[in-house]
Amino acid sequence: VEASIPEPLREAWRKHSASEFTSKEDFEKYFVRHVETTLARSLYNCDDLAAYSGTALAFRDRLIIEWNRTQQRQTFTDQKRVYYLSLEFLMGRTLDNAMLNVGLKDVARDGLSDLGFRIEDVINQEHDAALGNGGLGRLAACFMDSMATLNYPAWGYGLRYRYGIFKQEIVNGYQVEIPDYWLDNNPWEFPRHEITVDIQFYGNVKKYQDENGRILNSWEDGEIVQAIAYDVPIPGYGTKTTNNLRLWSSKASSGEFDFQKFNAGDYESAVADQQRAETISAVLYPNDNLERGKELRLKQQYFWCAASLFDIVRRFKKTKRAWAEFPDQIAIQLNDTHPTLAIVELQRILIDMEGLEWDEAWSIVTKTFGYTNHTVLPEALEKWSVPLMQNLLPRHLQIIYEVNLFFLQSVEKRFPNDRDILSRVSIIEESHPKMVRMAYLAIIGSHKVNGVAELHSDLLKSTLFKDFVKIYGPDRFTNVTNGITPRRWLHQANPRLSALIAEKLGGYDFLKDLTLLDKIEVFVDDKAFREEWAAIKRENKLRLARHIKATTGYDVNPNALFDVQVKRIHEYKRQQLNVFGVIHRYLSIKAMSAEEKKKVVPRVSIFGGKAAPGYWMAKTIIHLINNVADVVNKDPEVGDLLKVIFIADYNVSKAEIICPASDISEHISTAGTEGSGTSNMKFVLNGGLIIGTCDGANIEITREIGEQNIFLFGNLAEDVEDLRHRHFYGGFKLDPQLERVFDAIKDNMFGDKTDFSALTSSIEEHGDYYLVSDDFNSYITTHKMVDEAFQNQEEWLAKSITSVARMGFFSMDRVTNEYADSIWNVEPLDVTD
Ligand code: Z2T
């Protein structure tokens with residue numbers, strides 16, 4: 001293709017080809033030009049928001065140049081690509097990250113200062129791109145960062161929601177949800193109006209004979225909705241690779257359907273159709289670890305899978321390769337079961353549209369897909385009702401039945417004497433109505449299935465997917481423990497700590513190879529290093545204290561122990577255990593003499609997180625935290641010894657302020673329930689210690705940093721089942737310390753007790769499924785150890801430094817390389833060659 005363009009034409013383009021700025025002068029030139037022409041503003045009316053836009057546009061120009069080059073190079077080289085399918089991409093802000101990735105943040109800071117702006121104020125103008133709920137969506141964002149940084153040819157595919165995760169306000173202690181309309185003047189997306197795919201729903205399946213007499217199926221007479229591509233450039237750190245994130249937006253098809261209505265004079269109903277189509281990509285479902293089986297959600301899933309698969313297949317077909325080469329060119333990773341229909345869609349394309357035989361097609365499909373499971377919680381496992389799927393996707397349901405038939409036949413052959421296994425592993429659950437078990441379909445349609453931390457992957461193999469281990473052998477199942485990108489979660493969130501490390505290591509190489517962090521451990525006794533380390537933590541705590549003052553009005557003492565729990569509110573994550581612990585502490589302080597109070601380590605308990613709008617128990621927990629804060633923070637008997645803070649609207653950019661500011665953070669899920677957790681890694685990487693249960697990645701964090709550097713407590717996963725059983729059959733006895741806490745709540749100490757009766761009775765009367773009472777004593781005791789340890793600041797500092805030094809394993813780069821080697825079989829591509 002390149003060679004076919006005549007030289008004079010090339011020359012004309014080359015002469016004017018955009019170039020990348022590196023100097024302050026050029027930055028200022030691009031900035032002013034964009035402010036004056038793109039934004040139609042001037043020196044006289046350029047506020048911080050316009051300055052943000054001008055800066056973003058200047059950096060965007062730069063990104064686009066590298067993005068175009070990367071895409072061209074990847075296309076010409078034509079080596080295997082990765083496609084990461086995720087319904088969620090929790091990206092946060094882009095500008096700061098983009099400036100750091102190209103190494104020009106200092107240039108921008110100086111330039112902005114010349115032009116009359118503070119870079120922090122400019123950065124703070126940006127709205128978070130919050131197209132995700134929590135860990136799963138943020139993991140996808142960290143993947144995009146690492147894949148670009150490591151030069152993997154990779155695309156993300158997702159939905160361009162008009163509304164991301166809702167904004168949370170706290171009104172009288174209650175969570176209120178505000179829609180997050182984030183798309184206005186977003187400079188980071190590029191509409192590709194020419195890249196569209198028609199997506200069909202409903203309709204019916206007709207059989208026909210082709211010219212060779214083969215019976216084929218055709219899916220006809222459905223409703224058509226159009227998918228439009230929006231592309232987002234994803235720059236890597238310190239590399240020219242800029243990958244692509246393609247988000248699909250839905251629109252009514254401009255096909256004959258509407259025209260008929262328009263022609264018939266039915267304008268209003270045609271517009272209504274239009275709007276119905278647009279609702280498909282309107283809103284992100286705000287549930288974390290819960291599936292509710294809504295038809296619109298299934299529509300979202302198919303719409304996105306079908307558009308992405310069409311796009312991938314279209315790109316493959318341009319190479320004119322044989323179909324058998326498809327899995328050599330393409331790896332598709334399924335971020336949980338949300339994109340499982342992609343498996344069925346590829347099989348449909350291959351057999352119905354491209355005329356391949358079933359077996360040949362199915363072998364291509366299974367070689368192409370990998371499936372990541374993120375949870376063992378039963379309420380989060382996707383099942384779709386057969387009647388719903390029959391109506392919406394009739395051909396896909398047929399294919400699912402066929403896949404199931406062949407699968408069950410093979411199982412029957414291998415295990416002829418095991419009658420029960422067939423109903424246990426069937427993709428179709430024989431309930432009323434029948435349900436399609438998406439996780440089983442994902443396993444059967446993939447060549448690799450992975451969990452996200454060792455314990456989680458082990459539990460998958462020994463419980464949920466036990467039968468499948470028997471059927472496919474253990475090699476189909478693997479573990480890849482999650483990680484985080486050190487670019488955002490160390491360098492960007494904590495620039496001063498990053499600079500201190502760089503000073504000691506002689507540069508920023510550790511941001512690309514986080515295992516180099518181990519070289520700072522020798523400075524654990526270096527006085528100047530320790531002082532700077534402590535000063536950085538103090539500065540970060542002050543920054544958070546300012547944020548708390550500005551958003552809640554409360555003053556917090558920066559010398560107090562900052563104890564943080566920020567994550568989605570969920571019973572299994574046990575914020576209720578934390579707030580009961582806070583009440584216990586409050587009651588203890590109230591019972592103390594003045595002498596005793598002098599020995600108390602002052603504490604600030606900081607909470608943050610959103611509850612799914614329909615999750616009443618989670619909302620009740622938020623309500624209790626806020627009411628406790630109200631009482632405790634105003635109690636003169638307590639003063640600085642205890643403050644309780646709920647930070648509203650926890651999101652990625654708030655996490656960037658909060659993670660560097662913790663002394664200790666809480667990762668206290670009931671053992672065996674948290675897939676991995678990733679904020680645990682963010683806090684430790686920023687020099688905070690952890691109080692946690694033996695769950696998810698806490699276990700591997702402990703192994704890496706040493707058990708003397710973490711505060712573990714509570715029952716073990718292997719004992720959970722037995723404890724739950726005993727709650728029902730051995731009689732339930734509330735922990736006596738927890739009983740005192742409950743008594744205070746029932747004395748209306750924190751407002752009307754009936755507001756919280758669901759919470760207390762779920763423990764006292766309904767079996768304490770999450771083992772709050774079982775772990776309470778151990779939790780309280782461990783917090784006492786935390787207080788004691790904090791009093792020895794010198795030792796605490798040593799723990800902090802040692803832990804950071806040993807966190808190299810948790811880089812997302814290690815994760816990405818493991819996926820590339822053991823699941824995708826892809827190689828990096830240097831786009832500067
Ligand atoms: C989610 O954030 C996670 C799991 C889900 O299962 C759904 C959502 Cl939205 C369907 C989280 C896990 O809870 C967490 O432990 C893990 O670290 C994260 O995914 C990334 O793997």
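Placing unit charges on each Cβ (+1 for Lys and Arg, -1 for Asp and Glu) gives region 62-135 a dipole about its Cα centre, and among 113, 123, 70 the Cα reaching farthest toward its positive end belongs to 70. For region 794-809, backbone phi angles converted through the Karplus equation (6.51, -1.76, 1.60; θ = phi - 60°) give residue-by-residue couplings of 5, 6, 4, 4, 4, 4, 4, 5, 4, 5, 4, 4, 9, 8, x, 4 Hz, Gly and Pro being listed as x.
Karplus-based coupling profile of region 282-296, in residue order and whole Hz: 6, 9, 6, 5, x, 9, 10, 6, 7, 10, 10, x, 7, 4, 4, with θ = phi - 60° in 6.51 cos²θ - 1.76 cosθ + 1.60 and x standing for Gly or Pro.
Report the percentage of all Cα-Cα pairs in region 421-506 whose separation exceeds 18 Å, rounded to a whole percent. Each step should come with its number before you reach the end.
Values: 2157 of 3655 pairs.
Tail fraction, whole percent: 59.
Going by amide H atoms built from the backbone, whose H comes under 5 Å of the H on residue 163, apart from near neighbours? Excluding prolines and chain starts, which carry no amide H, the hits are 283, 284. In this simple spin-label model, placing a label point 7 Å from the Cα along the Cα-to-Cβ direction at both residue 596 and residue 61 gives a separation of 6.8 nm. Amide H to amide H, with H built 1.01 Å from N, residue 603 comes under 5 Å of 561, 642, 643, counting only residues 5 or more places away or on other chains. Cβ-Cβ distance of residue 830 and residue 765, R₀ of 41 Å, FRET efficiency by 1/(1 + (r/R0)^6): the value works out to about 0.05.
Per the Debye calculation on region 130-240 with a single equal scatterer at every Cα and no solvent contribution, log₁₀ I(q)/I(0) for q = 0.11, 0.18, 0.24 Å⁻¹ amounts to -0.64, -1.06, -1.34. Here the alpha carbons of region 146-189 define both size measures, Rg and Dmax, at 16.4, 49 Å.
Using only side-chain charges placed at the Cβ, +1 for Lys and Arg and -1 for Asp and Glu, the dipole size of region 315-440 relative to its Cα centre rounds to 300 debye.
Semi-axes of the equivalent ellipsoid for region 491-537, computed as √(5λ) from the eigenvalues of its C-alpha gyration tensor and ordered from largest down, come to 17, 13, 8 Å.
Quick one: 120, 429, fewest Cβ neighbours within 10 Å first, how do they rank?
120, 429
Computed over region 1-125, the alpha-carbon pair-distance distribution with 10 angstrom bins reads 11, 34, 27, 21, 7, 0, each value a whole percent.
Model label points for residue 72 and residue 528, set 7 angstrom from Cα along the Cα-to-Cβ axis, are 4.8 nm apart.
Taking N as the number of residues in region 40-184, what is its Cα Rg relative to 2.2 N^0.38 Å? Before the final figure, lay out the partial values.
Details: Rg = 17.9 Å, N = 145, 2.2 N^0.38 = 14.6 Å.
That works out to 1.22 for region 40-184.
Dividing the helix sum by the residues of the chain, where each DSSP H run of 4 or more adds -39500 (n - 2.57), gives a mean residue ellipticity at 222 nm of -14000 deg cm²/dmol. Take 137-144, 453-460 and order them by the average number of nearby Cβ atoms within 10 Å per residue, most first; the result is 137-144, 453-460. Between the residues 422, 456, 387, the greatest Cα displacement towards the positive end of the dipole of region 383-465, with unit charges on the Cβ of Lys, Arg, Asp and Glu, is found for 387. For 314, 297, the sequence from fewest to most other C-beta atoms within 10 Å is 314, 297.
Under 1.5 on a/c is rounded, so check that first for region 33-98, then, if it is not, pick prolate when a/b is larger than b/c and oblate when it is not; a ≥ b ≥ c are the square roots of the alpha carbon gyration tensor eigenvalues.
On the way: a/c = 4.24, a/b = 1.93, b/c = 2.20.
It comes out oblate by the Cα gyration axes.
With a Förster radius of 56 Å applied to the C-beta separation of residue 221 and residue 587, the computed FRET efficiency comes to 0.25.
What is region 320-455 by shape, rounded, prolate or oblate, if you read a ≥ b ≥ c off the alpha carbon gyration tensor as root eigenvalues and call it rounded for a/c under 1.5, prolate for a/b larger than b/c, and oblate otherwise? Since a/c stays below 1.5, the shape of region 320-455 is classed as rounded. Taken over the chain, the percentage of Cα pairs per 20 Å bin, counting from 0 up to the bin with the maximum distance, is 14, 46, 33, 7, 0. Could you tell me which of rounded, prolate or oblate describes region 475-575, using a ≥ b ≥ c as the square roots of the eigenvalues of the alpha-carbon gyration tensor, with rounded for a/c under 1.5 and, failing that, prolate when a/b is larger than b/c and oblate otherwise? Taking the square roots of the gyration eigenvalues as a ≥ b ≥ c, region 475-575 is oblate. Going from the residue with the fewest nearby Cβ atoms within 10 Å to the one with the most, 188, 384, 616 rank 616, 188, 384. For region 606-633, backbone nitrogen atoms closer than 18 Å to the point 7 Å from residue 379 Cα along Cα-to-C-beta are found at 609-624. Secondary structure note: in the chain, about 45% of the DSSP beta bridges are antiparallel.
Based on the mean of other Cβ atoms within 10 Å per residue, sort peptides 809-821, 791-803 so the most packed one is first. Each step should come with its number before you reach the end.
Numbers: 809-821: 21.6, 791-803: 16.2.
Descending packing order for the listed peptides: 809-821, 791-803.
Placing +1 on each Lys and Arg Cβ and -1 on each Asp and Glu Cβ, with no other charges, gives the chain a dipole about its Cα centre of roughly 440 debye. Here the peptides 598-606, 403-411, 315-323 are ranked by packing, the mean other Cβ count within 10 Å, and the order with the highest first is 598-606, 403-411, 315-323.
The H on the amide N of residue 385, modeled in the peptide plane, is under 5 Å from the matching H of 436, each at least 5 residues off or on a different chain.
Quick check for me: using +1 on Lys/Arg Cβ and -1 on Asp/Glu Cβ, what's the dipole size of region 1-64 about its Cα centre, in debye to the nearest 20?
Numbers: 9 positive and 11 negative charges, 16 e Å.
I would put it at about 80 debye.
Read the figures in this text as sums done on the coordinates, not as results from a lab. This structure is a prediction, so every number in the text was calculated from the model and none was measured. Quick reminder, even Gly has a Cβ in these numbers, built from the backbone with ideal geometry, and neighbours come from all protein chains shown.
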